[in-house]
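Shown next, in structure tokens, is the structure this report addresses.
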Amino acid sequence: MSGNEILIVDDEMGIRELLSEILQDEGYRVKLAENAAQARTFRNQQRPDLVLLDIWMPDCDGITLLKEWARAGQLTMPVVMMSGHATIDTAVEATRIGALDFMEKPIALQKLLSTVQRALKRGGAQHHPEQTLASLGKGEAIVDLKAKLDQVLQQRRPVLLTGEYGVAFEPCARYLYTPNSPWVTVNNPQTLIDAPLSLLEQARDGLLYVPEVAELPRRAQQGLMLVVNKLEKFHARLVVTSSQPLLPLVTERQFDATLYQALAGLTVVVPPLRLHADDVPDLANQLLTQLIEARKAPQRRFATAALNQLRQHGWQGNHQELLQVVQSAALTASEEEISADDVQALLRLSSSAPRAPEAAPALPMTGVSFDQPLREARDEFERLYLEYHLKQAGGNMSQVAERVGLERTHLYRKLKQLGVQVGRRHNSGDD
């Protein structure tokens, strides 16, 4: 007897009874729900090991229920969608939301058993799925982000995801990923040096994900350029991320200019958490649910006042900081309810803690044309870059020199060369 519990959600009694009989004969414990309302109630009470979810139901379709679970942090079990007349687009949408697989009715016995075994194995190896785009919230910033990613889906060029430290890069990359195809993450830059084509072979017909491309050494950058040139041959999608602006690194000769041009042509900016602060309470509850169900935290819940505190925080460390605060609150709160005082103490500590290098607010890169020689593009960017820091520092040249990492003499020379006016106001308050 396997002991695994499977929830079957289908409005057709014949389907429920047939699947239940087969799975019980195989030793599984089976629970039944004839509509989304019953499935929702069951999920609120406990976590099944697997859900077989019909797409078309009278009260609420399976896609909508799947989105609800994703947003509430309850999509912590594998879900396999079922339908007798779903389109390919519907199946793809379900897997992008977080469904593990799709079965077309009528379901053959062997197909059912193999899919259930695979789903349970995946669910056992990883107690909760990766965050998905649907789980990031429903604020305007996330809606806009999804619209941009939908446009990118139609392209096969390399994709550069940029944003501040700690933003949700991976859920965006997962949205661009074709379900049930290879996903390869480059965690060791040495692999790009030693075996770039081997990486591509692993990612054939799938996605190659390279986090924090700005940190790659020059030889790894060369290996990545080789990968870019061979993508079409292996029919693989390349997604890279960077929480540092790449163009300044190009001008300082720390990042390969040719690689930059190959990556920057299709850039998506991932918004910081503060731009969709109204999503923070839902995100916090979602993360807390995942920690509890993964048995990484005891049973906890947030007080309303605590959630309001989280919403009002600045979140310089974005999703990464939110996860750390939620986990700490769950592990250190003295009561089952996490209070506003519990949260406030952690937020004070989080705000004063040293942070990983954080990208400056994004410059209006649309003002820099890529259809010009590199030298002109570099000058145009440097002009925007220095004007931005002059404005941020209120014209204080000492502060500007410190922020941009240039000696004062070099800074003045650069400003003059670029034609940036430095008036008396800019010189005031230097010392």
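The values are calculated or read from the model by the stated rules, or taken from the named source; none is laboratory data. Remember, predicted model here, so these are calculated numbers, not experimental data. Backbone-built Cβ (ideal geometry, glycine too); neighbour counts: all protein chains shown. Areas reflect the complete protein model, heavy atoms only, side chains present, ligands, DNA and RNA absent. Shrake-Rupley method; radii C 1.70, N 1.55, O 1.52, S 1.80 Å.
Scanning the range 257-291 for residues that are open to solvent by 40 Å² or more (accessible area, probe 1.4 Å) and more than 17 Å from GLN324 (Cα to Cα) gives THR258, GLN261, THR267, VAL269, LEU275, ASP278.
I need the full set of residues from the range 87-109 which are more than 20 Å from GLY14 (Cβ to Cβ) and more than 22 Å from the chain's Cα centre (by Cα), in order please.
Going through the range 87-109, the residues more than 20 Å from GLY14 (Cβ to Cβ) turn out to be 87-102.
Once the filter is applied, which keeps residues that are more than 20 Å from GLY14 (Cβ to Cβ) and more than 22 Å from the chain's Cα centre (by Cα), the range 87-109 yields THR87, ILE88, PHE102.
Here VAL326 meets the list (1) out of contact with any strand residue (DSSP E or B) (no Cβ under 9 Å at 6 or more places or on another chain); (2) over 30 Å from PRO373 (Cα atoms) almost entirely, failing just condition (1).
PHE169 fulfils the conditions (1) free of Cβ contacts under 8 Å to residues at least 24 places away in the same chain; (2) within 11 Å of the chain's Cα centre (by Cα) except for a single criterion, (1).
Of all residues in the range 378-404, exactly one satisfies the criterion of being in contact with an Asp or Glu (Cβ under 9 Å, 6 or more places away or on another chain) and surrounded by fewer than 16 Cβ atoms within 10 Å (Cβ to Cβ), namely SER398. Among the numbered criteria (1) part of a helix (DSSP H, G or I); (2) without any contact (Cβ under 8 Å) to a residue 40 or more places away in the chain, which one does LEU208 miss? Tallying (1) part of a helix (DSSP H, G or I); (2) without any contact (Cβ under 8 Å) to a residue 40 or more places away in the chain, LEU208 fails exactly one: (1).
Only one of the numbered conditions (1) surrounded by fewer than 20 Cβ atoms within 10 Å (Cβ to Cβ); (2) at pLDDT below 95 is violated by LEU226, and that is (2). Where helices (runs of 4 or more DSSP H) fall entirely within the range 93-183, those with at least 3 residues that are closer than 14 Å to VAL268 by Cβ are at 140-153, 169-175. Set side by side, the residues GLN316, GLN290 differ, and just one is on the phi < 0 side of the Ramachandran plot, part of a helix (DSSP H, G or I) and not aromatic (Phe, Trp, Tyr), which is GLN290. Every residue in the range 64-90 that is modelled with pLDDT under 80 and surrounded by fewer than 20 Cβ atoms within 10 Å (Cβ to Cβ), please. The answer is ALA72, HIS85, THR87, ILE88, ASP89. Scan the range 247-256 and give yes if some residue there is open to solvent by 30 Å² or more (accessible area, probe 1.4 Å) and either closer than 20 Å to GLY206 by Cα or touching a strand residue (DSSP E or B) at 6+ places or on another chain (Cβ under 6 Å) (or both), otherwise no. The answer is no, given that none of the residues of the range 247-256 is open to solvent by 30 Å² or more (accessible area, probe 1.4 Å) and either closer than 20 Å to GLY206 by Cα or touching a strand residue (DSSP E or B) at 6+ places or on another chain (Cβ under 6 Å) (or both). Screening SER198 with (1) farther than 30 Å from ASN44 by Cβ; (2) touching a Ser or Thr at 6+ places or on another chain (Cβ under 8 Å); (3) crowded, with 16+ Cβ neighbours inside 10 Å gives one miss only, at (3). Taken together, the criteria exclude VAL239 from residues that are assigned to a helix (DSSP H, G or I), open to solvent by less than 40 Å² (accessible area, probe 1.4 Å) and touching a residue at least 60 places away in the same chain (Cβ under 8 Å).
Evaluation of LEU145 against the conditions (1) open to solvent by 30 Å² or more (accessible area, probe 1.4 Å); (2) under 20 Å from ARG237 (Cα atoms); (3) at pLDDT 90 or above shows that the sole unmet condition is (1).
Residue-by-condition table, conditions (1) under 30 Å from the mean Cα position of the chain (by Cα); (2) open to solvent by less than 10 Å² (accessible area, probe 1.4 Å); (3) modelled with pLDDT under 95:
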{"position": "GLU12", "(1), (2), (3)": "no, no, yes"}
{"position": "GLU26", "(1), (2), (3)": "no, no, yes"}
{"position": "LEU32", "(1), (2), (3)": "no, no, no"}
{"position": "THR41", "(1), (2), (3)": "yes, no, yes"}
{"position": "ARG47", "(1), (2), (3)": "yes, no, yes"}
{"position": "VAL51", "(1), (2), (3)": "yes, yes, no"}
{"position": "TRP56", "(1), (2), (3)": "yes, no, yes"}
{"position": "ASP59", "(1), (2), (3)": "no, no, yes"}
{"position": "GLY62", "(1), (2), (3)": "yes, yes, yes"}
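Can you tell me how many residues in the range 293-306 are open to solvent by less than 30 Å² (accessible area, probe 1.4 Å) and either modelled with pLDDT of 95 or more or assigned to a helix (DSSP H, G or I) (or both)? Steps first, please.
At the first step, the residues of the range 293-306 found to be open to solvent by less than 30 Å² (accessible area, probe 1.4 Å) are 294, 297, 302-303, 306.
Still in the list and also either modelled with pLDDT of 95 or more or assigned to a helix (DSSP H, G or I) (or both): 302-303, 306.
The qualifying residues number 3.
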